[in-house]
């Protein structure tokens, strides 16, 4: 099969094809579409097909077919480590000699899609935080999966404290330009002060090739548990202390009204792994994550998004969570 760049003007045709139930090799009654920042996600009755957007971002160039193919393969490789039976492969979207699109590898390759099993939404941790039921034993099984994953990695690195300071200052500077809130400077100054007091300890913390985007919506509490959507486009962003990653998850659980769930993740990980830092480390990591996610939320204010009030409220909520955590860290 030959590679061909997908022209932008054929996206409507591709979207119509992928929205049609008859386009898929398996029987499906309907096809739902979910749009993310980087992808169009098509959900059949039992499967998921993810089409990468043909776009160029400051940190990621998906404008070429070969780059989208490589990104799909990397997503597959990374996520099979935590969900081997969910990520089935990469599927070719082709155009045959009569000009018809197909998913049967017939003709010239137009694009690629990540092919996954569709998981039961009721097993999703974010769903259960909102609707229940929450079973501690299911949460424990997910923590044990993550603990084993963290301990198996052999690519450990010490924390770069100078880089952490610079990133924090840069985030605060950008956030101040977007949101008029005194918590920004208070949070920045408090975090920098904490780093000054604990620099030697922080430098000794080991970073691993982690999940990179461990939110409740990416955790499925089935038997066995499954964790999906590892961050695939920048290995540097996946590089973090496991306690930091779990502290971010704990902050998200707290934001959704169930702090005890995040505490259980952290407590179980520390007990099983033996990786127990000082008591102030977890709240510091939570406060640092809150600064980052306040900024990520605030960026929606300048992208033409029509839900400005939602994102402003979300950004300020993260700042409040950050200040609450910072008070526990000092």
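The values are calculated or read from the model by the stated rules, or taken from the named source; none is laboratory data. What you see is a predicted model; the values in this text were computed from it and never measured. We place every Cβ from the backbone using ideal geometry, glycine too, and count neighbours over all the protein chains shown.
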Looking at the stretch 224-246 only, could you name the residues that are under 26 Å from residue 120 (Cα atoms), touching a helix residue (DSSP H, G or I) at 6+ places or on another chain (Cβ under 8 Å) and part of a helix (DSSP H, G or I)?
246
Take residue 38 and tell me if it is surrounded by 14 or more Cβ atoms within 10 Å (Cβ to Cβ), modelled with pLDDT under 95, outside the structural domain of residue 219 (by TED's automatic domain parsing) and closer than 27 Å to residue 235 by Cβ.
yes
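Yes/no per residue for (1) touching a helix residue (DSSP H, G or I) at 6+ places or on another chain (Cβ under 9 Å); (2) farther than 24 Å from residue 294 by Cβ:
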| position | (1), (2) |
| --- | --- |
| 131 | yes, yes |
| 143 | yes, yes |
| 155 | no, yes |
| 185 | yes, no |
| 203 | yes, yes |
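Here's the yes/no breakdown for (1) surrounded by 22 or more Cβ atoms within 10 Å (Cβ to Cβ); (2) outside any helix (DSSP H, G or I); (3) at negative phi:
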{"position": "251", "(1), (2), (3)": "yes, no, yes"}
{"position": "278", "(1), (2), (3)": "no, yes, yes"}
{"position": "286", "(1), (2), (3)": "yes, no, yes"}
{"position": "294", "(1), (2), (3)": "yes, no, yes"}
{"position": "297", "(1), (2), (3)": "yes, no, yes"}
{"position": "317", "(1), (2), (3)": "no, no, yes"}
In the stretch 43-66, residues that are in contact (Cβ under 8 Å) with a residue 60 or more places away in the chain and assigned to a strand (DSSP E or B) total 8
Which residues, taken from the stretch 147-168, are exposed (fewer than 13 other Cβ atoms within 10 Å of the Cβ) and over 22 Å from residue 275 (Cα atoms)?
162, 163, 166
Check whether at least one residue in the stretch 82-92 is under 23 Å from residue 142 (Cα atoms) and outside any loop (DSSP other than H, G, I, E, B), and report yes or no.
yes
In the stretch 239-271, which residue that is without any contact (Cβ under 8 Å) to a residue 40 or more places away in the chain and within 14 Å of the chain's Cα centre (by Cα) is nearest to residue 158 (Cα to Cα)?
240
With 18, 125 as the choices, which residue is in contact with a helix residue (DSSP H, G or I) (Cβ under 8 Å, 6 or more places away or on another chain), buried (at least 18 other Cβ atoms within 10 Å of the Cβ) and at pLDDT 95 or above?
125
